[in-house]
Amino acid sequence: MARFRVAAAIDFGTHASGYAWSAVTRDGADPRRRDIVDREQWPGTTEKRYPKTRSALLLDGSDTVLAWGYPAVRAERPPGSRLVTGMKMSLRPSDDPSRPAPGSRVPRALSDDLSRPVPLIAAYLARLREVAVAEITAGGRYRESDIRWCLTVPAIWSQAALGAMREAAGTAGFPSGHDALLLEPEPDMAALYCAVQELTPTGPVRALLSAFRRPGRRFVVADCGGGTVDVVAYEVLGDGSLAQLGRPSGGAFGATYTTNRFIQDVLGSRFLDQTNLERLTRHHWAEFQELLGDWETHRNTFTVGSRESVALRVDGLHGLLSPEDLRHLGEVQGGKGDRIVVRPKEMAGLLESAVGGILPLVDEHVARAVEAAGGGRPDVYLVGGFSKSPYLRERVRAHVGQRGRVFTPDRPERAVLHGAVHRCYASAVREDGEQGAGAAGSAVAARRAGPDISERCALYTYGARVSEPYDDEDGAQDRPLETNDEGRHFCPDRFLRFVAIGQRVGVGHEVAHRNVVPIRADLPLMTVEFYATHAPDPRYYDTAPAKRIGHLTVDLSTCMHLPREDREVDIHLTFGRAEITVRAVNRHGGKAADATLDLDPEF
Ligand SMILES: Nc1ncnc2c1ncn2[C@@H]1O[C@H](COP(=O)(O)OP(=O)(O)OP(=O)(O)O)[C@@H](O)[C@H]1O
Ligand SMILES: [Mg+2]
């Protein structure tokens, strides 16, 4: 019997979030027979079917939650309240180029620059967890402790952002153990969804049936969401599992950023001055939200080559603009001064602001898949809510051309959520098989559990800053010299590499560096700092662009009686999962001490 009897997923998106789950049963060992439940009827929704509610909180002056999800966006805003929508994107590093310029007063479609997003994310996740748990436990068959959760995260996120998500999830009441709460990259989960869909005889692409059983097959997944677009190329391995072919890439090219451009470019040019725009957002809140919603509906159905202008009504436009401003509006819109008119060329331009970022990412991964396959045409799967945009699909299809075949699986907005349920499910099936049949059975169980991710590519070169004996090269580089109490010279800036950027590693692959010794004899604590860099094999820890990801401290008090050079420590880093974990062993302390990587908030 599986330890976790329920496999559940949370997709916390920039635009929308939801949950999905499945009871772990014997039948479900076959991924095609899993019964996955999600929620499409969210309070306040106007969508016919979408498995997620809005990632939004309406807060009062003291940050008490007044409403969440769709109702938060739709509700009247009491005085002093604020709507928060960009919680997830606020976890980007502060130097991310897509962050709004400091001091920019242009209103935005999402508040993606929050200074303390973690408590808000926690408040939101707590509500999502509550409704999911209420549904799962409703029949009395399952308890909350039966659930293994998978919380999905962008593939390009820093360790600090992952740490922040884990912290928020803990505050929201999710379990803290890495076994009970998996953090998994979104495109990887979407890849599992695509793989299972194609194994299904009733799946959308019957001609490709069994292709996912064919080792060596390459394909690309582009997860096009509201905030980010993440792209990764994969290969199907001999046991049916999936391996990333290269490091994921992505950026803030999601649909919501086209809405920002709409506000900035279209509304900015229609309203004579900035204060009108600010007045609209501040004093005509409901009308502003309606206008954005209206624009997004048109954007979502806009096609390449469409010749029709879009007319957006704004209630109360006459009360908002002065006669002079209304005249200006009419002039720039060829006589139409009672609504906002978006010409097809402008509409295409707004969509291109996202598409222009997405196509190079697709190129990069298609090229990688073609190269790895020694030619051949990889399949490109577009998933996520934005992949339903006909404009985006047509542009990607035309751009990829003969290099590959572009698909959108059935219900692409579900891909991440359902793929994440498969991820949890596969673990449960594998554990069950291992329990029942020992090592020989585990390989069988792995195959039976359905598609899973087995190898990933390192996002950066990761390593530690260590001291190494000083040599001539250090002198030539003008590196500082440290001298210990024995009069020996060290360079304190050397980089001890654990994994190289792009290196393909198995999930849970552990790299150890043994016999790291302190350089000072008098200190009972050894602090090791870890860095990430794009340089493949740097000599020094600060080879640009390097960032400190965190540090760990090893207690040496049990071996202080030994000569300095005998106080050996082994450092183990585990890669291949979204989160890097660390273990340090004081070799003379008797027992292995688990260490946690104290993450720097900036990376
Ligand atoms: N039918 C549709 N056609 C086109 N776009 C759509 C459609 N339905 C939803 N979208 C857009 O997709 C976006 C949401 O996609 P999704 O739910 O994948 O994003 P998310 O997971 O919240 O964001 P992210 O993954 O970037 O954090 C929204 O901007 C929405 O307007
Ligand atoms: Mg998403």
What residue, among those in the stretch 389-401 that are of a type outside the set (S, T, N, Q) and over 15 Å from P360 (Cα atoms), is least open to solvent (accessible area, probe 1.4 Å)?
-> Y391
Could you list, in sequence order, all residues of the stretch 128-168 that are under 24 Å from D598 (Cβ atoms), open to solvent by 10 Å² or more (accessible area, probe 1.4 Å) and assigned to a helix (DSSP H, G or I)?
-> Q159, A160, G163, A164, R166, E167
Filter result for A222 (assigned to a strand (DSSP E or B), more than 16 Å from ligand 2 (Cβ to nearest atom) and surrounded by 20 or more Cβ atoms within 10 Å (Cβ to Cβ)) | no
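Here is a yes/no grid of residues against (1) out of contact with any strand residue (DSSP E or B) (no Cβ under 8 Å at 6 or more places or on another chain); (2) under 18 Å from M189 (Cα atoms):
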{"site": "A222", "(1), (2)": "no, yes"}
{"site": "G225", "(1), (2)": "yes, yes"}
{"site": "A233", "(1), (2)": "no, yes"}
{"site": "V236", "(1), (2)": "no, yes"}
{"site": "S241", "(1), (2)": "no, yes"}
{"site": "G246", "(1), (2)": "no, yes"}
{"site": "S249", "(1), (2)": "no, yes"}
{"site": "F253", "(1), (2)": "no, no"}
{"site": "Y257", "(1), (2)": "yes, no"}
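Give the residue, chosen from E135, E167, E130, that is under 18 Å from the mean Cα position of the chain (by Cα) and at pLDDT 95 or above. Break it down stepwise before answering.
Working: E135 fails: under 18 Å from the mean Cα position of the chain (by Cα); E130 fails: under 18 Å from the mean Cα position of the chain (by Cα).
Only one candidate qualifies: E167.
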Does any residue of the stretch 402-423 turn out to be open to solvent by less than 60 Å² (accessible area, probe 1.4 Å), within 16 Å of ligand 1 (Cβ to nearest atom) and of a type in the set (S, T, Y)?
-> yes
Scanning the stretch 169-195 for residues that are part of a helix (DSSP H, G or I), open to solvent by less than 10 Å² (accessible area, probe 1.4 Å) and away from ligand 1 (no atom under 15 Å from the Cβ) gives A169, L192, A195
Report yes if L110 is within 24 Å of I263 (Cβ to Cβ) and either open to solvent by 40 Å² or more (accessible area, probe 1.4 Å) or in a loop (DSSP other than H, G, I, E, B) (or both), otherwise no.
-> yes
Looking across the stretch 14-41 at residues that are under 19 Å from A132 (Cβ atoms), within 22 Å of the chain's Cα centre (by Cα) and hydroxyl-bearing (S, T, Y), the single one that is nearest to ligand 1 (Cβ to nearest atom) is S17
For residues that are away from ligand 2 (no atom under 16 Å from the Cβ) and among the hydroxyl-bearing types (S, T, Y), scanning just the stretch 27-54, find the one that is modelled with the lowest pLDDT.
-> T46
Kindly indicate whether any position in the stretch 63-74 is under 22 Å from the mean Cα position of the chain (by Cα) and assigned to a loop (DSSP other than H, G, I, E, B).
-> yes
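Strands (runs of 3 or more DSSP E) wholly in the stretch 473-546 with at least 2 residues that are open to solvent by 50 Å² or more (accessible area, probe 1.4 Å) and more than 16 Å from V569 (Cβ to Cβ) - which ones?
So the answer is 489-499.
Listed here are the residues, each with its yes/no results for (1) open to solvent by 40 Å² or more (accessible area, probe 1.4 Å); (2) within 12 Å of ligand 1 (Cβ to nearest atom); (3) aromatic (F, W, Y).
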position	(1), (2), (3)
V362	no, no, no
E371	yes, no, no
G374	yes, no, no
S387	no, yes, no
Evaluate the following for G238: is it free of Cβ contacts under 8 Å to residues at least 40 places away in the same chain, among the small types (G, A, S) and open to solvent by 10 Å² or more (accessible area, probe 1.4 Å)?
-> yes
Could you tell me which of the residues V24, V6, V84 is within 23 Å of G227 (Cα to Cα), aliphatic (A, V, I, L, M) and away from ligand 2 (no atom under 16 Å from the Cβ)?
-> V84
Taking the stretch 53-62 and keeping residues open to solvent by 20 Å² or more (accessible area, probe 1.4 Å) and in a loop (DSSP other than H, G, I, E, B) leaves D60, G61, S62
Within the bounds of the stretch 317-326, is there any residue that is small (G, A, S) and either under 18 Å from N260 (Cα atoms) or modelled with pLDDT of 90 or more (or both)?
-> no
Positions within the stretch 47-74 being β-branched (V, I, T) and in contact (Cβ under 8 Å) with a residue 24 or more places away in the chain, in sequence order = T53, V65, V73
From P100, P93, residue being free of Cβ contacts under 8 Å to residues at least 24 places away in the same chain, touching an Asp or Glu at 6+ places or on another chain (Cβ under 7 Å) and within 21 Å of A255 (Cα to Cα) | P100
Which of the residues spanning the stretch 272-324 are without any contact (Cβ under 8 Å) to a residue 60 or more places away in the chain, among the polar types (S, T, N, Q) and in a helix (DSSP H, G or I)?
-> T275, N276, T297
Just wondering, is there one or more residues in the stretch 91-106 that are closer than 28 Å to R148 by Cβ, within 16 Å of ligand 2 (Cβ to nearest atom), open to solvent by less than 70 Å² (accessible area, probe 1.4 Å) and not charged (D, E, K, R)?
-> yes
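The values are calculated or read from the model by the stated rules, or taken from the named source; none is laboratory data. None of the values given here were measured: they were computed from a predicted structure. Glycine also receives a Cβ, built like all others from the backbone with ideal geometry; neighbour counts cover every protein chain displayed. Just so you know, the surface numbers come from the protein's heavy atoms only, side chains and all, with ligands and any DNA or RNA stripped out. Shrake-Rupley method; radii C 1.70, N 1.55, O 1.52, S 1.80 Å.
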